[in-house]
Amino acid sequence: MGGDDDEGFSNKGYLSRTLEGKKATDVRLAAIAVGTASRGGLGKLTIRGCNSGRGVTNVGLKAIAHGCPSLKAFSVLDVATVDDEGLIEIASGCHKLEKLDLCKCPNISDKTLIAVSKNCPNLAELSIESCPNIGNTGLQAIGKLCPKLRSISIKGCSGVGDQGVCGLISSASYVLSKVKLESLMVSDLSLAMIGHYGFQVTDLVLSCLPNVSEKGFWVMGNGHGLQKLNSITIEGCQGLTDIGIGAIGKGCPNVKNFQLRKCAFLSDKGLVSFTRDALSIESLQLQECHRITQIGLFGIFFHCASKLKVLNLISCYGIKDLNTDLPAMSPCESFWSLTIRDCPGFGNANLALLGKLCPQLRHVELSGLERVTDEGFLPLLECSETGLTTVNLRGCINVTDRVVLPIVNSHGWSLQVLCLDGCRRVTDASMMAIAGNCPMLYDLDVSKCAITDAGIAAIARGNQISLEVLSLAGCTSVSEKSMPALKKLGQSLAGLNIKHCSAISSRGVSKLQEHLWTCDILY
């Protein structure tokens, strides 16, 4: 079989194989069944897509079932040529199965899950996606007969409803720790069961559940069963309102990581209520939550200042600079990572306020903030007392050397990643400062900046002993005069991006490739 398959061992120490596309055939499965037996047996098998003419069929799965009794992890992804017959053979022959992943398998039904529940008592992880013939009966069987089930993920299965989810949750309540429900027609009843029986649940994802209302989230939070919940993600659920998130804050006191995406009816009132009660929050992400304003943003810092470490704001259009009197707040000494991406209303005033609250910042991403100028960036970026390690200002078109120079001069000793992609007013002056002050920098992106050959030469002369990735895409003033400097840098570079550098010819790229054969060059 040679390099056609994944010849390595997984991190758990067992033999692993992957068949994909045209390589996914019955002949190869039969060869795997024979070939791995002499090497301790197959532990993990993934089949992803196949040739419908000569693809994997039940015959190939039977070969694995009979020849690989040690199989522990089995994934079938986008394979329409197998059905229950083949999967039942796997369940009957592979009693050690611990992980089963079924995705886009239209001919697999509840019969498969029932067979797995009866024959595979060690099943710990089950993931089902876009399998329309799998429904409630199979999930109920898994819940009753798989006492070690720790993780369940169900996405886009039209046959799954409250009966299956509730039966599974209630039966596996003392072991189930990870639950993901996405794009299902379940109702408030399923959330109520999670809130009541989720004694061991630590990770919960609820995404695109159109039939769940405000009542469902309220009952889930008030069920008092989610005391161990550590991480929760809620996405695209129109039923999540201020009342619902307030109940979650009270009923899940140990939540540390919370992600809210596309929650159209969540406002400042609910967010502030949640942060007032969820005092263990360390990481919070808000994405496309457009009713959140400056009041909600700073309410997070007011209530969570003692433990908050990470805050991500992505495409939240309601946050704008407002002339609002805010209560006095103490600096957040635990806070080290701030991401504000594509929030068009964000301006200088909000960044200045954040600068006063975040003295321990190490990771900063402020991308796509087209309204912010140097005067807004400087108070935040200069506030760090510990040293910035990552600075990403991608798409901030008003950034100039006036921002980059102080960052490099103050934090060059700690800076590891610097992205200035699209900062078209950044010039060679910044490159020269980087060359002399950033010995730890390993990723530098100055794509579409006003960089010339002089800036590249400065970097090549500098002490950039750690630089691994250099991106110059769209730097139209970088020409073939930079070839000697790029060759010198390329001796240690793993990646170089010179796409759309129009002053570098194809011949120049070819010569560069001859010298830098260990460097991945994008052009």
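The values are calculated or read from the model by the stated rules, or taken from the named source; none is laboratory data. Computed from a predicted model, the values in this text were never measured in an experiment. Please note: Cβ atoms are built from the backbone with ideal geometry, for glycine as well, and neighbour counts cover all protein chains shown. The area values use the complete protein model at the heavy-atom level, side chains included, leaving out ligands, DNA and RNA. Shrake-Rupley method; radii C 1.70, N 1.55, O 1.52, S 1.80 Å.
Of all residue pairs spaced 6 or more apart or on separate chains, those with beta-carbon atoms under 7 Å, a first member in region 127-145 that is over 14 Å from GLY161 (Cα atoms) and a second member that is hydroxyl-bearing (Ser, Thr, Tyr) and surrounded by fewer than 19 Cβ atoms within 10 Å (Cβ to Cβ) are SER127/SER153.
So LEU260 clears everything in (1) within 28 Å of LEU354 (Cα to Cα); (2) assigned to a helix (DSSP H, G or I) except one condition, right? Which one? Failing condition for LEU260: (2). Residues that are open to solvent by 50 Å² or more (accessible area, probe 1.4 Å) and either out of contact with any helix residue (DSSP H, G or I) (no Cβ under 7 Å at 6 or more places or on another chain) or at positive phi (or both) within region 314-331 comprise TYR317, ASN323, ASP325, ALA328, SER330, listed in sequence order. Within region 332-341, does at least one residue satisfy the condition of being open to solvent by less than 60 Å² (accessible area, probe 1.4 Å), touching a helix residue (DSSP H, G or I) at 6+ places or on another chain (Cβ under 6 Å) and part of a helix (DSSP H, G or I)? The answer is no, given that none of the residues of region 332-341 is open to solvent by less than 60 Å² (accessible area, probe 1.4 Å), touching a helix residue (DSSP H, G or I) at 6+ places or on another chain (Cβ under 6 Å) and part of a helix (DSSP H, G or I). Number of residues in region 421-440 that are open to solvent by less than 10 Å² (accessible area, probe 1.4 Å), touching a helix residue (DSSP H, G or I) at 6+ places or on another chain (Cβ under 7 Å) and closer than 24 Å to GLY368 by Cα: the value is 4. Scanning region 238-278 for residues that are over 12 Å from TRP218 (Cβ atoms), aliphatic (A, V, I, L, M) and open to solvent by less than 10 Å² (accessible area, probe 1.4 Å) yields VAL255, LEU260, LEU266, LEU271, ALA278.
Residues that are within 22 Å of LEU415 (Cα to Cα), over 32 Å from the mean Cα position of the chain (by Cα) and open to solvent by less than 10 Å² (accessible area, probe 1.4 Å) do not occur anywhere in region 506-517.
Helices (runs of 4 or more DSSP H) wholly in region 105-196 with at least 3 residues that are of a type in the set (Asp, Glu), buried (at least 18 other Cβ atoms within 10 Å of the Cβ) and at pLDDT below 95 - which ones?
On the way: elements: 110-119, 136-145, 162-171.
Answer list for region 105-196: none.
The single condition among (1) under 17 Å from GLY347 (Cβ atoms); (2) at pLDDT below 95 that GLY395 does not satisfy is (2).
Would a scan of region 223-237 turn up a residue that is more than 18 Å from SER183 (Cβ to Cβ), assigned to a strand (DSSP E or B) and either of a type in the set (A, V, I, L, M) or open to solvent by less than 40 Å² (accessible area, probe 1.4 Å) (or both)? Break it down into steps so the answer makes sense when it comes.
Taking region 223-237 first, the residues more than 18 Å from SER183 (Cβ to Cβ) are 223-231.
Now restrict to residues that are assigned to a strand (DSSP E or B): 231.
Narrowing the set further to residues that are either of a type in the set (A, V, I, L, M) or open to solvent by less than 40 Å² (accessible area, probe 1.4 Å) (or both) leaves 231.
For region 223-237, residues more than 18 Å from SER183 (Cβ to Cβ), assigned to a strand (DSSP E or B) and either of a type in the set (A, V, I, L, M) or open to solvent by less than 40 Å² (accessible area, probe 1.4 Å) (or both): present.
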